[in-house]
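Taking it in order: structure first as structure tokens, then the write-up.
The values are calculated or read from the model by the stated rules, or taken from the named source; none is laboratory data. Keep in mind that this is a model prediction, so the values were computed, not measured. With ideal geometry, Cβ positions are generated from the backbone for all residues, glycine too; neighbour counts draw on all protein chains shown. All accessible areas refer to the heavy atoms of the entire protein, side chains included, with ligands and DNA or RNA removed. Shrake-Rupley method; radii C 1.70, N 1.55, O 1.52, S 1.80 Å.
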Amino acid sequence: MKIRVMGDNVLRQKATEIQTFDEKLKNLSKEMIDLMHNSEGIGLAAPQEGLTIRMLVTDISPVEKGYSEMAFVNPVILETWGESILEEGCLSIPGIREEVERPEEILIKYQTIDGEEKTEKFSGWMARVLQHEVDHLEGVLFVDYLSPVKQKLVMNQYSNA
Ligand SMILES: [Zn+2]
């Protein structure tokens with residue numbers, strides 16, 4: 001498994017809802033967590049592995065205490081509050097880090113890897129990573145939020161890739 005890089009069409013597709021919660025899905029989430037850890041990322045969405053399904057994994061322990069690895073299936077952000085500016089990067093856009101403004105706090109509905117439904121509030125880095133990864137499921141990349149000038153600089157860097 002390797003991480004797809006910007007310019008790959010799979011990163012621009014809308015991912016489909018997951019219906020089957022089986023051993024295969026569990027193994028896939030473990031694989032994604034391994035890939036995230038090996039790549040020193042704090043979040044990874046299935047499309048970054050070339051799979052257009054609505055699953056993402058996070059582990060923000062390198063930047064915030066009290067968290068470990070988590071898998072989110074069919075996540076939907078229900079509500080957001082406040083705003084914060086943080087520097088983001090993306091395993092699919094290596095070498096680029098830019099400040100992005102997003103809501104500070106979110107209410108998210110999702111299913112666990114076993115299909116259990118949950119609704120939880122997150123703030124800080126967890127809210128940030130989840131918004132970034134949920135965007136991946138819609139084919140949206142964090143560079144889409146940058147100014148046109150900065151977007152052009154990023155595109156130029158990747159157009160020859
Ligand atoms: Zn990303």
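Whether any residue in the range 79-99 is of a type in the set (Phe, Trp, Tyr), over 27 Å from Leu25 (Cα atoms) and either within 13 Å of the ligand (Cβ to nearest atom) or free of Cβ contacts under 8 Å to residues at least 60 places away in the same chain (or both) is what I want to check.
Yes, there is a match, as at least one residue in the range 79-99 is of a type in the set (Phe, Trp, Tyr), over 27 Å from Leu25 (Cα atoms) and either within 13 Å of the ligand (Cβ to nearest atom) or free of Cβ contacts under 8 Å to residues at least 60 places away in the same chain (or both).
Only one of these conditions is not met by Thr112: (1) within 14 Å of His136 (Cβ to Cβ); (2) of a type in the set (Val, Ile, Thr); (3) open to solvent by less than 50 Å² (accessible area, probe 1.4 Å). Which number is it?
It is condition (1) that Thr112 fails.
Only one residue in Arg12, Arg102 is under 18 Å from Gly139 (Cα atoms), within 16 Å of the ligand (Cβ to nearest atom) and in contact with a helix residue (DSSP H, G or I) (Cβ under 6 Å, 6 or more places away or on another chain). Which one?
Result of the check over Arg12, Arg102: Arg102.
With the condition kept exactly as written, say whether any residue in the range 122-137 is of a type in the set (S, T, N, Q), under 24 Å from Pro62 (Cβ atoms) and open to solvent by less than 40 Å² (accessible area, probe 1.4 Å).
Scanning the range 122-137 turns up at least one residue that is of a type in the set (S, T, N, Q), under 24 Å from Pro62 (Cβ atoms) and open to solvent by less than 40 Å² (accessible area, probe 1.4 Å).
Okay, residues lined up against (1) closer than 20 Å to Glu79 by Cβ; (2) free of Cβ contacts under 8 Å to residues at least 24 places away in the same chain; (3) in a strand (DSSP E or B):
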position	(1), (2), (3)
Ile106	yes, no, yes
Tyr110	yes, no, yes
Gly115	no, no, no
Thr119	yes, no, yes
Val129	yes, no, no
Glu133	yes, no, no
Gly139	no, no, no
Val149	no, yes, no
Leu153	no, yes, no
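Under 7 Å by Cβ, and 6 or more places apart or on different chains, what pairs join a residue from the range 1-14 that is of a type in the set (Gly, Ala, Ser) with one that is in a loop (DSSP other than H, G, I, E, B)?
Gly7/Ala161
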